[in-house]
1. In terms of modelled amide H atoms, which long-range or inter-chain residues lie less than 5 Å from the amide H of Thr423?
2. log10 I(q)/I(0), Debye, Cα-only the range 86-217, no solvent, q = 0.15 Å⁻¹?
3. Run the dipole for the range 419-463 about the Cα centre, Lys and Arg Cβ at +1, Asp and Glu Cβ at -1, nothing else charged, and hand back the magnitude in debye, nearest 20.
4. Cα to Cα, under 16 Å, and not fewer than 8 places away if on the same chain: which lysines meet these conditions relative to Lys174?
5. Pop out the Kirkwood hydrodynamic radius of the range 342-387 from its pairwise C-alpha distances, inverse of mean 1/r, in Å to one decimal.
6. Work out, step by step, the length gained on full extension between Lys295 and Ile470: first 0.36 nm times the residue separation, then minus their alpha carbon distance; give nm to one decimal.
7. Can you work out ³J(HN,Hα) from phi for every residue in the range 288-297, in order, using Karplus 6.51 cos²θ - 1.76 cosθ + 1.60 and θ = phi - 60°, giving whole Hz and x for Gly and Pro?
8. Using each residue's phi in the range 72-85, evaluate 6.51 cos²θ - 1.76 cosθ + 1.60 at θ = phi - 60° and report the 3J(HN,Hα) Karplus result to the nearest Hz, with x for Gly and Pro.
Amino acid sequence: MRDHGLFAAGGCGFLGVMLTISGSASPRSRFCDGVSRRDFLRIGSLGLGGLSLPGLLQAEQLAGLRNSRKAVIMIYMAGVPPHQDLYELKMDAPSEVRGEFRPIPTNVPGIEICELLPRMAEIMDKLVPIRSLYGAPNGSHDSFMCYTGKVGSTLDTNGQPPGGWPSIGAVMSKLMGPVSENIPPFVGLAPRAGHPPYGSAGKPGYLGFSHGPFRPTGPGKEELVLKAINAGRLDERQGLLRSFDQFRREADRTGMMEGLDEFHQQAFGMLTSSELANALNLENEDPKVRERYGKGDARNVGDGAPRNLEHFLLARRLVEAGARCVTLNFGRWDFHSQNFSGMRSHAPLFDQGLSALVEDLHERGMADDVSVVAWGEFGRTPMINKDAGRDHWPRVGCGLLACGGLKTGQAIGATDRLGGEITDRPVHFGEVFATLYHQLGIDAGQVTLEDLSGRPHYLVDGHRPMPELI
């Protein structure tokens, strides 16, 4: 596979012709062919040998990423929660807008949230509600912008580069690599769902199969057990797969088959190691910690995702074991009817799982390294409809950030009296992604990755990290 121009500064042999320049630098500051770092930077600044200064700085930056333990846990709230019933209740609005819930104070003066979220209210100093999120292209249900930060759709690839936009988990897998060869860098805790975007864990896009999500709770769950296969038969199957893959790659003209060998090598490594199995085994967890998280409900809600609180705990265990990005899908918040009973069945469980995760990360000393984000793809209508529900409202939605070394204990953005229009600090999905990448040590405004045609793309579209948070 190509390295898309990302190489470790100081390595030998990545230029076709290396110039040797004499200088007075000490031996410790020289590369392996005798070139000093200062002279090497000077060469790069002239663009000699095909290496530019930005490219060198990018390479130096990315070289250090692979040694970090920074990670992201992303909770996709499938079906979209009602923003005005979570983090910004409109008590001065008419009854047909206001709804049934009341705000409660939090441990941060001036910030109030829904009464269904008492545990989160107690740790608001560790959270950041975003009340002015925008960027959905329309009111169609799709997890695409939540996983990529791009405007577009999982189901409609028009306007996307060859192969499609990669999700943040795939980008992290590509740029940061695995911490351990036995723990996949990108894990998706999403089962199959009746509406496919509700069951998406995030796609690899043009980065290819080897950077896609490993899904231990999805279709491949049974494959984690070797059953009666011995080592000899496992080797035979591995060789057979390589033969099939070679044939498929030769027949494939899109480039999407690139990386299958690496993908299967990772899969076989995980099958023959206990490291991943131990991370997924909740029986190894302290019973008091398991009780704090709770179990929730492992059944899918309609065509959506489950309200499985054990997935929050699995996410923590996986990043602790070395996963770079873990995504999980929670519930089905598409309350076109009976919005308030739907909220009562979803919000308290979300409150328990999210607060347990954030507290656990802080107590384990992981809070500075693991960023947490929870959101849906748009918002809900200010007006309550005839079925006591709220419909789709792409103009504004909400999100929640925590940990990751962010400046927490603040609420960002605001909407008008009816909760329908942004009045203060619009926040685009891309800004949140730029912030997450920044906290990982990745400059999304400088780093590029190539699509299947070889064209480079920035990780986000012109958005910068949020200054309030970093």
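Just so you know, all these numbers are worked out from the coordinates, no wet-lab data involved. It should be emphasised that the depicted structure is a prediction, and the values quoted were computed from it without experimental measurement. Reconstructed Cβ throughout: ideal geometry from the backbone, glycine too, with neighbour counts over all protein chains shown.
1. Ala414, Thr415, Asp416
2. Once normalised to I(0) and log-transformed, intensities are -0.92.
3. Here the size comes out at about 80 debye.
4. Cα-Cα hits under 16 Å: Lys70, Lys203.
5. Taking every pair of different Cα atoms in the range 342-387, averaging 1/r and inverting gives 13.2 Å.
6. Between Lys295 and Ile470, full extension yields an extra 59.6 nm.
7. So the Karplus estimates, Gly and Pro as x, are 5, 5, 4, 5, 4, 5, x, 10, x, 9 Hz.
8. Each residue of the range 72-85 in turn: 10, 10, 10, 9, 8, 8, 4, x, 6, x, x, 4, 7, 10 Hz.
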